[in-house]
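Visitor: Here it is: the structure, laid out below.
The values are calculated or read from the model by the stated rules, or taken from the named source; none is laboratory data. In this text, all values refer to a predicted model and were calculated from it rather than measured experimentally. Using ideal geometry, Cβ is built from the backbone for each residue, glycine included, and neighbour counts are taken over all protein chains shown. Only protein heavy atoms, including side chains, enter the accessible area calculation; ligands, DNA and RNA are left aside. Shrake-Rupley method; radii C 1.70, N 1.55, O 1.52, S 1.80 Å.
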Amino acid sequence: MAKNLTELEQRVRDDLACLCLPPANWVVPAEGPDGEPVHDVAVIGGGMCGLVASFALRCAGIRNLRILDRAPKGFEGPWLTYARMETLRSPKQLTGPAYGMASLTFRAWFVAQFGGEAWQALDKIPRPMWAEYLRWYREVLDLPVENEVEVRRIRPQGDLLRLELAGPGRREDSILARRVVMATGRDGTGRASIPAFVDGLPKTHWAHSSDAIDFAALKGKRVVVVGVGASAVDNAAEALEAGAAEVRLLARRKVMPTINKLMGIGSFGFTAAYSELDDAWRWRIMHYSFLTQTPAPRGSTLRVSRHANAYFHFGAGVETTRMVDGEVVLGLDGGRRLTTDFLILGTGFLVEPLARTELAGYADKIALWRDRYRPPAGLEHEQLGNFPYLAEDFSFLERSPGEAPWLSRIHCFNYGASVSLGKTSGDIPGISEGAAWLARAIAAEFYAENIEAHWQRLLAYDTPELKGDEWRGSELPEEAEEAPARKRGLQ
């Protein structure tokens, strides 16, 4: 193991050199209108998914790319914004975005700074430390993320895609690309899930767990958190630690989820096979996962329950909310009521392509699972049906062939891919495998699209392996007209 970061960074460079990575760019350049530059790939998102996807593309010899993120540098992804857990759920030894390189793992980075004994003593990875590791990953691989650049819209322009840009970090108002990778995270194909019961409730009295919340302002207040999943529990803990008078978590479920079912079948085999399964099996697996629900981590739950003023309420679904004398009155199922000062929605995210402004004007042309598969009775699930039905290269498919052929050039490398391709474009365990699939597929598509140009390169290639001085021609020896029978193999 490296003894410090300087030594580790040199090891990364040596490993890349030994693996001949990244190779030279081989992609035939595309021509834009009036000589405008065309990028082979535009990656939207500079968080974990965007970084490993970009590294995989560069390792595939696709180097003419742009990486755009709307957040300030260092704040890509959720890690230092709305993610509020103390530690990651994933076991510390998972290799995550390392892409098969030991020197790029979190373990190598941690041990280089704190030593092997500290690694053995470490239980879970602290969330801010994971963000710091990803910043190092970006720097050591020299991935050119452009921060404070928002992609407002993606629209087709001939065989290309035009990305309309905004934000103080942009260099142009728009750029052209042959392919777009939407590495846009947990809400990357949708939006925050906001239940209808908060309609009309003043925004001063509620927030979604993904919002910027002033927890200090909740000191001495009564807080209700809707949900008992990871985000709900983490936000409850933040409110308690900020000095809330009480925090009550409300769950429609009768019991607390306790088993992370997909962890029980996690393996390379599952990752590799999932996308090859038929629709019925993929739906069945994900339906069961949704039905059983992933529980909040043990540490996060204990972080809440250690407070005497924390309360878990089950079988307590919220039906209505209203303001009464400056307080929020919640109407619960069964006719019960609960009064509080502030409401936090730990209700997660919805997959809803129509909510993505980048896809405005044609999101309704994207094929969804409900368009391609009808589950048997008892396995219906509205939210699963809203997931995009993707091709094996993570690209969108058309709902009706011929309506929007450019969708095949937009790759959904985020949570929205999970029903079609498994947990390979968002979760730490399978992210490198997903990035490898993505890069291989895009490389194959680029090569096929320009096969005539590559054929001409083959014909034109004239660099000799031999110079002509490596051999000398010889005359064949003279022989009799008819060799003896024995020499001819005859008896």
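Visitor: Quick one: which residues, 5 or more positions from Thr347 or on another chain, have an amide H under 5 Å from its amide H? H modelled 1.01 Å from N in the peptide plane, none for Pro or chain starts.
Guide: Those qualifying (amide H under 5 Å, at least 5 residues apart or on another chain) are Ser209.
Visitor: So, with +1 on the Cβ of K and R and -1 on the Cβ of D and E, and no other charges, what is the size of the charge dipole of the chain about its Cα centre, to the nearest 20 debye?
Guide: 2220
Visitor: Binning every alpha carbon pair distance of region 43-160 at 10 Å from zero, what are the percents per bin?
Guide: 12, 40, 32, 12, 3, 1
Visitor: Calculate how steeply helix 451-460 sits against the longest principal axis of the alpha-carbon atoms of the chain, using the helix alpha-carbon long axis, and give the answer as 0 to 90 degrees to the nearest 10.
Guide: 30
Visitor: Round to a whole angstrom and tell me the spacing of the C-alpha centers of region 141-209 and region 40-67.
Guide: 16
Visitor: In terms of modelled amide H atoms, which long-range or inter-chain residues lie less than 5 Å from the amide H of Trp206?
Guide: Leu343
Visitor: Accessible area per residue of the chain at 1.4 Å probe, in Å²?
Guide: For the chain, the per-residue accessible area is 50 Å².
Visitor: How many percent of Cα pairs in region 149-190 exceed 12 Å?
Guide: 61
Visitor: Further question on the same structure: List the extent of the Cα atoms of the chain along each of their three principal axes, largest first, rounded to whole Å.
Guide: Its Cα atoms span 117, 59, 59 Å along the three principal axes.
Visitor: Considering only Cα-Cα distances, which of the following residue pairs are longer than 30 Å: Lys92/Lys254; Lys124/Lys423; Lys221/Lys261; Lys3/Lys423; Lys73/Lys124; Lys92/Lys219?
Guide: From Lys92/Lys254; Lys124/Lys423; Lys221/Lys261; Lys3/Lys423; Lys73/Lys124; Lys92/Lys219, over 30 Å: Lys92/Lys254; Lys221/Lys261; Lys3/Lys423; Lys92/Lys219.
Visitor: OK, next. With both partners inside the chain, how many of the DSSP beta bridges are antiparallel, as a percent to the nearest 5?
Guide: Restricted to the chain, the bridges split so that about 50 percent are antiparallel.
Visitor: Using amide H atoms built in the peptide plane, which far-off residues or other-chain residues are under 5 Å from Glu150 H to H?
Guide: Amide H neighbours of Glu150, under 5 Å, 5+ apart: Ala166, Gly167.
Visitor: Here is a follow-up. For the chain, which whole percent of the accessible surface, found with a 1.4 angstrom probe, sits on carbon and sulfur atoms?
Guide: Carbon plus sulfur share of accessible area: 52 percent.
Visitor: Given axes a ≥ b ≥ c from the Cα gyration tensor, I'd like to know whether region 397-472 is rounded (a/c under 1.5), prolate (a/b larger than b/c) or oblate.
Guide: Oblate, because a/c is 1.5 or more while a/b does not exceed b/c.
Visitor: Rounded, prolate or oblate, given the Cα gyration tensor of region 104-198, with a/c below 1.5 counting as rounded?
Guide: Oblate, because a/c is 1.5 or more while a/b does not exceed b/c.
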